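*Asks:* Would you mind keeping the following structure in view while I ask a few things?
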Amino acid sequence: MLQPVAIGSKLLSDYTHIVGRDLIEEVRELAAPLEGRKVVHVSATAFGGGVSEILYTLVPLMKDVGLDVEWQVIYGREEFFNATKLMHNALQGAPEDLTEEHWATWRHYNEMNARELASGWDVALIHDPQPAAMYHLVPEKAKGWVWRCHIDLSTPNPDTIGQLLPYIRDYPQSLFHMPAYVPGGMSGTVNIVPPAIDPLAPKNMALSPEDASYVCAQFGIDVDRPMICQVSRFDPWKDPLGVIDAYRLVKEEIASVQLALVGSMASDDPEGWDYFNATIAHADGDPDIHILNNFNNVGAIEVNAFQSQSDVLIQKSTREGFGLTVSEAIWKGRPFIGGNVGGIPLQVEDGVSGFLVDSVEMCAQRTLEILRDPELGKQLGRRGKEHVRKEFLTPRYLRDYLRIFTELLGEGSQPAAA
Ligand code: UDP
């Protein structure tokens with residue numbers, strides 16, 4: 001019942017010219033003793049959002065360095081995803097908690113999936129709260145267990161985290177993006193490891209300015225006029241309505257500005273469509289606001305083109321676990337403005353490699369500064385890109401996982417039986 005995800009192939013050696021030989025060699029040295037180890041990644045969806053984005057890169061690279069890796073998606077129906085969406089929001093601070101019935105649904109689907117999970121793994125790597133009960137339910141199915149938390153647990157709804165804690169606290173190894181996200185009461189080894197982006201994925205690979213503008217023009221963008229852009233799911237915490245408000249303030253001063261809001265819809269996100277419609281209503285028919293999603297054929301290359309073409313890239317979140325879109329944007333070398341929340345300040349140093357803002361007004365102000373001073377934009381973009389190169393590209397992330405696997409499996413331990 002768990003669905004295996006078909007992944008492509010990637011070669012670590014292709015990354016050498018981007019991240020440098022030292023890191024690549026370090027990864028190979030860590031990987032050598034782990035050769036042939038059986039690893040399963042378990043997540044809630046293979047479509048949309050940051051987790052799947054990461055796994056489409058990380059899993060092929062883990063394979064390339066010699067691990068025997070699979071990625072499996074848990075089975076769930078609408079009632080399960082309704083419960084996990086509520087859980088996701090409550091864990092990131094929304095006041096509404098799950099009812100007893102929601103918790104029962106969550107446990108029920110975890111039990112079903114735990115039963116169906118094959119045995120004999122060296123490492124089971126469980127992503128996010130949706131399948132988090134697996135370790136508690138079937139610890140014997142893998143030698144080593146890891147829980148990867150991709151969300152911001154700094155101010156969770158206390159009842160929700162209280163109910164979840166017994167299922168996550170005993171994982172022998174867990175990973176969080178930042179120290180502030182680690183809930184009190186974790187008993188295993190806690191690792192602070194931010195995620196990373198793939199510089200060679202179609203979304204992030206180098207695109208010529210001509211190709212970028214050619215793609216944007218096909219979506220009705222006037223490539224001779226300034227454009228600002230935010231790429232993200234349609235979600236209140238990504239604040240697309242605030243981006244529209246900031247754009248309106250900018251437009252009062254620079255009438256030619258255009259806004260692109262690019263957002264994919266995830267299969268485990270039933271609220272997404274409501275918020276998408278609310279965003280369209282807020283745009284109120286303005287022909288210079290372009291609201292696009294993956295159902296209008298906006299895929300990875302289009303996201304790349306929009307980011308590469310923009311004069312200012314925005315991620316005006318009011319809450320953000322890490323924000324892969326931030327590193328993705330900055331990697332394009334364009335000036336970036338982001339909300340001063342969650343993982344965004346990890347990726348941007350205010351005034352050096354972009355700007356951090358706390359309000360619609362500040363966002364508009366900084367946008368105007370950049371649009372009026374292209375040299376400033378270039379400098380911010382250049383410094384930002386170097387920071388991402390050092391800290392937030394996949395080979396670094398792969399290295400961190402390999403270190404954790406090494407610790408988990410211990411020196412000289414025998415691989416799981418095939
Ligand atoms: N994304 C995309 N197309 C879109 C909107 C988002 O491919 O129209 C991708 C985005 O590029 C990023 C991921 O979805 O890789 C979102 O991850 P992030 O950490 O920014 O936020 P999350 O959605 O996980 O909260």
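Taken together, the values in this text are just the output of simple stated rules run on the coordinates, not laboratory data. All figures in this text were calculated on a predicted structure; none of them were measured in a lab. We place every Cβ from the backbone using ideal geometry, glycine too, and count neighbours over all the protein chains shown.
*Asks:* At a Cα cut-off below 16 Å, give the lysines reachable from Lys378, other chains included and same-chain residues fewer than 8 away excluded.
*Replies:* Reachable lysines: Lys332.
*Asks:* Convert each backbone phi in the range 169-185 into a coupling constant with the Karplus relation 6.51 cos²θ - 1.76 cosθ + 1.60 (shift: θ = phi - 60°), then list the ³J(HN,Hα) values in order as whole Hz, x for Gly and Pro.
*Replies:* These are the phi-based 3J(HN,Hα) values: 5, 8, 3, x, 9, 9, 10, 10, 5, 8, x, 5, 8, 7, x, x, x Hz.
*Asks:* Can you give the longest run of the chain that contains no GluC sites (Glu not before Pro) sitting in a DSSP loop with at most 10 other Cβ atoms inside 10 Å? Write out the running numbers ahead of the final one.
*Replies:* Working: sites that count: Glu96, Glu411.
It runs 97-410.
*Asks:* Here is a follow-up. Tell me which residues come under 5 Å, amide H to amide H, from Glu271 once H is placed; ignore anything under 5 positions away on its chain.
*Replies:* Amide H neighbours of Glu271, under 5 Å, 5+ apart: none.
*Asks:* Still on this structure: Distance in nm between label sites at Glu271 and Asp224, each 7 Å beyond Cα in the beta-carbon direction?
*Replies:* 4.3
*Asks:* Under 16 Å Cα to Cα from Lys390, which aspartates and glutamates show up? Leave out anything in the same chain fewer than 8 places away.
*Replies:* Within the straight-line limit of under 16 Å, Lys390 reaches these aspartates and glutamates: Asp22, Glu25, Glu26, Asp198, Glu328, Glu349, Asp400.
*Asks:* Still on this model: What are the residues whose amide H is under 5 Å from the amide H of His150, where those residues sit 5 or more places off or on another chain and H is modelled from the backbone?
*Replies:* Asp128
*Asks:* Would you kindly state how much longer the chain becomes between Glu29 and Gln414 on full extension, computed as 0.36 nm times their sequence separation minus their alpha carbon distance, in nm to one decimal?
*Replies:* On the way: separation 385, 0.36 × 385 = 138.60 nm, distance 1.83 nm.
Contour length minus Cα-Cα distance gives 136.8 nm.
*Asks:* What ranking do Met62, Met134 get, fewest neighbouring Cβ atoms within 10 angstrom at the top? Don't jump to the answer; show the numbers that get you there.
*Replies:* Values: Met62 27, Met134 24.
With the fewest neighbours first, Met62, Met134 line up as Met134, Met62.
*Asks:* If contacts are Cα pairs under 8 angstrom and at least 6 residues apart, what is the relative contact order of the range 36-151 in percent? The partial results should precede the final answer.
*Replies:* Working: 170 pairs, mean separation 36.2, N = 116.
The value is 31 percent.
*Asks:* Compute the distance in nm between two label points, each set 7 Å from the Cα along the Cα-to-Cβ direction, one at Tyr214 and one at Glu361.
*Replies:* Distance between the two pseudo-spin positions: 4.5 nm.
*Asks:* What FRET efficiency comes out for Thr318 versus Glu252 if R0 is 22 angstrom and r is the Cβ-Cβ distance? Round to the nearest 0.05.
*Replies:* 0.40
*Asks:* May I pose another question? Arrange the following residues from fewest to most other Cβ atoms within 10 Å of their Cβ: His282, His290.
*Replies:* Exposure proxy ranking, most exposed first: His282, His290.
*Asks:* Let me ask something else about it. Under 1.5 on a/c is rounded, so check that first for the range 201-284, then, if it is not, pick prolate when a/b is larger than b/c and oblate when it is not; a ≥ b ≥ c are the square roots of the alpha carbon gyration tensor eigenvalues.
*Replies:* Working: a/c = 2.32, a/b = 1.16, b/c = 1.99.
Since a/c reaches 1.5 but b/c is at least a/b, the shape of the range 201-284 is classed as oblate.
*Asks:* Considering only DSSP beta bridges where both residues belong to the chain, give the percentage that are antiparallel (nearest 5).
*Replies:* On the way: 2 of 45 bridges.
The answer is about 5 percent antiparallel.
*Asks:* If amide hydrogens are placed 1.01 Å from N in the peptide plane, which non-local residues have theirs closer than 5 Å to the one on Ala260?
*Replies:* Amide H to amide H, under 5 Å and 5 or more residues apart or across chains, Ala260 pairs with Ile228, Cys229, Gln230, His290.
*Asks:* Next up: Which parts of the range 6-41 would a label at Ala118 reach, counting a residue when its backbone N lies under 11 Å from a point 7 Å out along Cα-to-Cβ?
*Replies:* Inside the label zone: 38-40.
*Asks:* Right, another one. Residue by residue through the range 218-226, which ³J(HN,Hα) values in whole Hz follow from phi under the Karplus form 6.51 cos²θ - 1.76 cosθ + 1.60 (θ = phi - 60°), with glycine and proline marked x?
*Replies:* Per residue, the Karplus-derived 3J(HN,Hα) values read 5, 9, x, 7, 7, 6, 8, 10, x Hz.
*Asks:* Now for a separate question. Whole-Hz Karplus ³J(HN,Hα) for the range 131-141, in order, using 6.51 cos²θ - 1.76 cosθ + 1.60 and θ = phi - 60°, x for Gly and Pro?
*Replies:* Rounded to whole hertz, the list is x, 5, 6, 3, 4, 4, 7, 9, x, 6, 7.
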